[in-house]
Amino acid sequence: MKLIKFLALMICAVSFAQSGVIKGRILDKQSELPLMGASVELLGSETPRGVITDFDGYFTLTEIPVGRKAIRVSYIGYETNTIPDIEVSTGKDVDITVALIESYAKLDAVVLTSSTNKIKSLNKFSAVSARQFGVKEVGRYAGGRSDVARLVSNFAGVASPDDSRNDIVVRGNSPTGLLWRVEGIPIPSPNHFSALGTTGSPVSALNPNLLKNSDFITSAFPAEYGNAIGGVFDLGFRNGNKDEYEYSFQMGAFTGLEATAEGPLNRKNNGSFLVAARYSLIGLIGGAGTSDTPNYSDISFNLNLGKSKLGTFSIFGIMGTSSIDLIGEDFDEEDLFSAEDENSYVSSNIGVLGAKHLLSIGEKSYLKTVIAGASNSSDFEEDRIIDLNTDNERIIRFAENNNEETRLTFSTLFNTKINNKLTLRTGVLLENFSADLDRKQRDEQEDLNDDGDPDLVTIRSINGSYNVFQPYIQTKYRLTEKLTLNTGIHAMYSDLNKQFVVEPRASMSYRIHPKHTINLGYGLHHQNIATPLLFLNEEVNGVITNPNENLDFVRSQHYVLGYDVKIAPNWRAKIETYYQKIDNAAIDESPSSYSSLTEGADFTFSSDNTDLVSSGTGENIGLELTLEKSFSKGYHAMITSSLFESTYKASDGIERSTPFNSGYIVNFLAGKEFKFGENKKNIFSIDARFVTSGGNRFTPVNLLASQNEGSEILQDHLAFSEQYEDYLRLDLKFGVTFNSNKKKTSHKFYIDFQNLTDRDNVFVRRYNRGTSNVEQINQIGFFPDFGYRFQF
């Protein structure tokens, strides 16, 4: 008898060890407040298994077999929601949040069902040009480097044909038109090695393991988003495990060495902590596109202090630092960023620290307030080696560029569910921008001190600040069970240019059939001129002036028409066409090809355009297709394609392509999983990604003038008239996950063969001082990324 009991206990122990946990929270979609008593049921189980949510909307499903699972959530008077593709492992609890929509007609029983659709956004006020994504997708796709910016480059309308940078080009707009938000507040570019005013870099400082499902919006944004004309990246941090401690260790070629810890913090009030730190590994193995060693590290955290009588308080933050020395004697002809006669020293820092307060008001409303500070800085110092490899060789300081921007932000919003048909949200965002910008260079300068070298001249020395005030109000009204209307007004005022603008926004979704939906959207949007241009100064009669500070906001009107169809139980397709009209762009007062709409194509901004006026225009027009199969039957797939044209007019009156007018983009992604081992608890996966697009536009070099000057001179009258060859890349990723038999642990290994065909995609054609000729530098060739993750 004792032996039988012992064997029974062992079987139970092994069974539990081979299982995982699905937990989370159920919310009302309109009020975003918890639903007590909602039913959560595991689908596909031999024996029925389900739980009921507690007072705060939390639930926990235990002893779930490992693998891909699905749950169904139901609540009286609400549409039932099915959540597929939940990846359960032994190493970590799965934490999800599910929002239910109250039935249009007040019913005593559930009559409608729906399923999670990632083609749609989390933001309930967005009906067009929006897409949600999760942290699992960031790590799943081949070639992604665990970078959320590279993930969204697979979505329709988004381009990033540059292996060296993760800039996000949305529908032909400059990357500077993108708004980054974390926890509801705007932040500077969350990247290592980033330059002030730009939005991309070689390495992301955002740790995807801290993110929850988030939104990416490419047009006609809801009224709560402002000061952007290109796109919105709205990110949120997840909470840590409120019930038990969990840890993970990870190593990857691009992500580096990483450790994550999470667990309960004030268990009584459902508080938790989540913290992750990373340090670069790529410098140890090379292959980053430069012969020198890049160093970078970051730490991110989210501390949820738990619910109290005064509401729920949390503290979040991101801190990152990076540096690289590009030394001329280490120069490699395949190097993307260095030169034989230069020693360059690059460093950057980013910091975000915020406090969030969430207060429930009654059963249908809440008030959310965020106070945050953010800063980003970039330093570049260049020494030029004169008379290289001769007896007269010497080193002089050739350029210095030191920039720092600081933001102080206050955001508050009130959200209320007036009834099951009408939701209202109103709020305000206050931002203070401070900039300290210094730039010195010898390039194209005279030798006034007769020392034989061009003088090191101060091009820019600025210390300025301004405030931006953004109030908004928006509503979501379900006119009928099939027709939903989103309306809103956003306003913006800057105390620098004294301009106040009002922006109407509207979108409509009409479900003509349970499987067919038509969407319409319009939005008027404005954006500040980028800080490096806004504060350009010049000296007139001994007086320093800032002639660009009175420039108007750039104005953009978005028109969108979309069609969404559910082709099969796990297949969806979406077609969207758009037109974007832009005016008030900054251009030279005298005839030239320059426009602020072309900024963001390089690491730096123009520094000599001090006579700008707000008279430039631009147009973006395109057609997009998305065909996606959610994970089922062991595989997933997605095809996206975009056809578009992006043009602008400057002060010379000529219509030109923007540098981002590549013309077309096609992405194909697919993956398959195979279960193996005892009880089929281990997983072997194969993922592939193929992308092709038109090449970026560029301005040809004036070779004779460059040879005479000794530095690159472009043919500005032929701005962006030429195009690089088509971009093409194939990535193939293999992964294996081992789930422990006896412990709550899991191991995951992967190898990602990036640019498998070793395609020579063009990085740049530029003037080489050493050879006095125009030469082509290619992007990164074949590179095997690898990684290991241990969860316990």
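Every number here is computed from the coordinates shown, using simple stated rules; none is lab data. A quick note: this is a predicted structure, and the numbers were derived from the prediction, not measured. In this analysis, Cβ positions are derived from the backbone assuming ideal geometry, glycine residues included, and neighbour counts consider all displayed protein chains.
Miscellaneous remarks
- Of the GluC sites (Glu not before Pro) found in the stretch 408-495, the ones in coil according to DSSP and having at most 10 other Cβ atoms within 10 Å of their Cβ are GLU446.
- Label positions at LEU485 and ILE512, each projected 7 Å from the Cα along the C-beta direction, are separated by 2.0 nm.
- Nearest 10 degrees, 0 to 90: helix 2-17 Cα axis against the chain principal axis: 30
- At full extension, VAL565 and PHE684 could sit 39.7 nm farther apart than now, given 0.36 nm per residue minus the alpha carbon distance.
- A simple spin-label model places pseudo-atoms 7 Å from Cα toward Cβ; at ILE386 and ARG766 they are separated by 2.3 nm.
- At an R0 of 41 angstrom, the distance between the Cβ atoms of GLN707 and MET251 translates into a FRET efficiency of 0.30.
- Using a simple spin-label model with pseudo-atoms 7 Å out from Cα toward Cβ, ASN773 and GLU63 lie 7.5 nm apart.
- Taking 0.36 nm per residue of sequence separation and removing the Cα-Cα distance, the GLU645/GLU393 pair yields an extension gain of 85.8 nm.
- Potential extension, LEU358-LYS136 segment - 0.36 nm per residue separation minus Cα distance: 77.2 nm
- The stretch 180-287: GluC sites (Glu not before Pro) in DSSP coil with no more than 16 other Cβ atoms inside 10 Å: GLU244
- Efficiency of FRET between ILE315 and ASP450 - r from beta-carbon atoms, R0 51 angstrom, step 0.05: 0.30
- Using R0 = 25 Å, the C-beta based FRET efficiency linking SER434 and SER461 works out to 0.95.
- Around the Cα centre of the chain, unit charges on the Cβ atoms of Lys, Arg, Asp and Glu (plus for the first two, minus for the last two) sum to a dipole of about 7080 debye.
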